[in-house]
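Since the structure comes first, as structure tokens, the remarks are kept for the end.
The values are calculated or read from the model by the stated rules, or taken from the named source; none is laboratory data. The structure presented is a predicted model; accordingly, all values stated were derived computationally and were not measured. Here Cβ is always computed from backbone atoms with ideal geometry, including for glycine, and neighbour counts include all displayed protein chains.
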Amino acid sequence: MAVQGKGAVRTWLDWLSPEQGAGDAIHLSGEQNIENTNQTAPEEGVFVLRKFIGKQVGVTRPLLVVFSLLLLSAVLFRVSSRWNSTQLSTSRLNLHIEWDPQFLYDNIIWSYLDDLNDAEEQMNEAWSTSDQSVRIAFQKHFAPSLNDGQAPTEDPLATINDHVSKMRECEFPFDSSAKVQSDFLQHLQLLLSICRTVTLRLEELKSTGTWEKFNGGQLSFPVREDADSNSYRGDTFSISGSMEAKGFLSALGMVGSERRESVDAQTAEELVELLLAEDKHSVCNMEARYYFERFLQPFGDQDVLKATPSTAEHQIPYNGKPFRTGALAQAAAQVFRQSESNYRWIHKLHKIAGNWTPNGLLEASRQQEEENLYNFQQRLRIKRGQMRMLLKKGIQYGDLEMIALFLL
């Protein structure tokens, strides 16, 4: 017989006295004497059973019966409550286990989408605040092209913004396979990396200074036939200040030099800016690689380029087309080979400091400007070569693979 709530005791008492009517209740009294007993009831807190099945009875036996039944009822009620509580807790636990992964994924997706929105906004702001020379340089070095003669597109970010907009309209495939969910997250990371790298490249071009020389203009430091002559010293160097080799190395985070001669400070600072531009370009290349490898992270924590299978690909959520991850990783590996060792950088700086003369400084500036231009052109040449390889593999000119490649 089920025991439910407050009716548990009453139910068991009804079972004990089936002839008892609704009006035959158990009375509470503290003053009445009980027959057939020598025990006097206390004034408060004692149950007295007046009648039991139509006649007066002694108190001892009925009380024991009643108390036993009350105790049994309480035990059964406790067990029943505990069983119901266990069922409720189990139900809640199962509900938690069932919905917690979706809740977790939901938070991850919203976090990614927030990051993507911020990255796209920063990218478009960086483009809108760039002057014409920076935009031309960006389209030449960081937008897909096969040669210098190609006319620049009106808006090189249009394709990226279109992909981001379509991605925002997609819902996470909770009911799909783990592969489909993984593809969704990987593509989200790809777009995030692309937007961040566009901003990185635009800010790099802005900070490096004027870009006429990268767009077909003349170098700032033309070659002089009389490199060993001081006849042009008065025209080239100002008298406003000077810099020793020690100060030059210090400006680049180094110490020590054998030469004590001072040269014009303004020209030395221009050389420092050229060297810092090269260093910044190298750092930005490594940062672009970092963003790219974040996209490849599912394939390994170390050396993800080698860990990525050549046939690896993921499905783009909003159009169903495959993104050729493996082919892009192979092309990127060729681009990343163009890097300068730290030792070569240190060796070059000490070589400049060792020839710390007005003529030596001017020659070093000219060489550095040529080297900066060569670094950009060489990297562009490699990317165009890899673009031709991707075209042969069936990847189209305007696909995201090409956009990602040229941002490296």
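Of all the numbered requirements in (1) in a helix (DSSP H, G or I); (2) without any contact (Cβ under 8 Å) to a residue 60 or more places away in the chain; (3) not β-branched (Val, Ile, Thr), Arg384 misses one, and that requirement is (2). Scanning the stretch 358-381 for residues that are buried (at least 17 other Cβ atoms within 10 Å of the Cβ) and of a type in the set (Ser, Thr, Tyr) turns up just one, Ser365. If Gln56 passes every condition in (1) under 28 Å from Phe174 (Cα atoms); (2) polar (S, T, N, Q); (3) surrounded by 12 or more Cβ atoms within 10 Å (Cβ to Cβ); (4) at pLDDT below 50 but one, which one does it miss? Only one criterion is unmet by Gln56, namely (1). The set of residues in the stretch 194-214 that are polar (S, T, N, Q), modelled with pLDDT under 95 and surrounded by 14 or more Cβ atoms within 10 Å (Cβ to Cβ) contains only Thr208. Screening Glu401 on (1) out of contact with any Phe, Trp or Tyr (no Cβ under 8 Å at 6 or more places or on another chain); (2) in a helix (DSSP H, G or I) shows it passes everything except condition (1).
Scanning the stretch 115-148 for residues that are within 20 Å of His187 (Cβ to Cβ) and not in a helix (DSSP H, G or I) turns up just one, Pro144.
When you scan the stretch 295-310, do you find a residue that is modelled with pLDDT under 90, surrounded by 20 or more Cβ atoms within 10 Å (Cβ to Cβ), within 28 Å of the chain's Cα centre (by Cα) and not in a loop (DSSP other than H, G, I, E, B), even just one? Yes. Any chance the stretch 235-252 includes a residue that's out of contact with any helix residue (DSSP H, G or I) (no Cβ under 9 Å at 6 or more places or on another chain), modelled with pLDDT under 70 and in the same structural domain as Arg135 (by TED's automatic domain parsing)? Yes. For the stretch 369-390, filtering for residues that are farther than 20 Å from Glu204 by Cα and touching a Phe, Trp or Tyr at 6+ places or on another chain (Cβ under 7 Å) leaves 0. The sole residue among Asp226, Asp175 that is in the same structural domain as Thr267 (by TED's automatic domain parsing), modelled with pLDDT of 50 or more and loosely packed, with under 12 Cβ neighbours inside 10 Å is Asp175.
Scanning the stretch 313-353 for residues that are modelled with pLDDT of 90 or more and of a type in the set (Lys, Arg) yields Lys321, Arg324.
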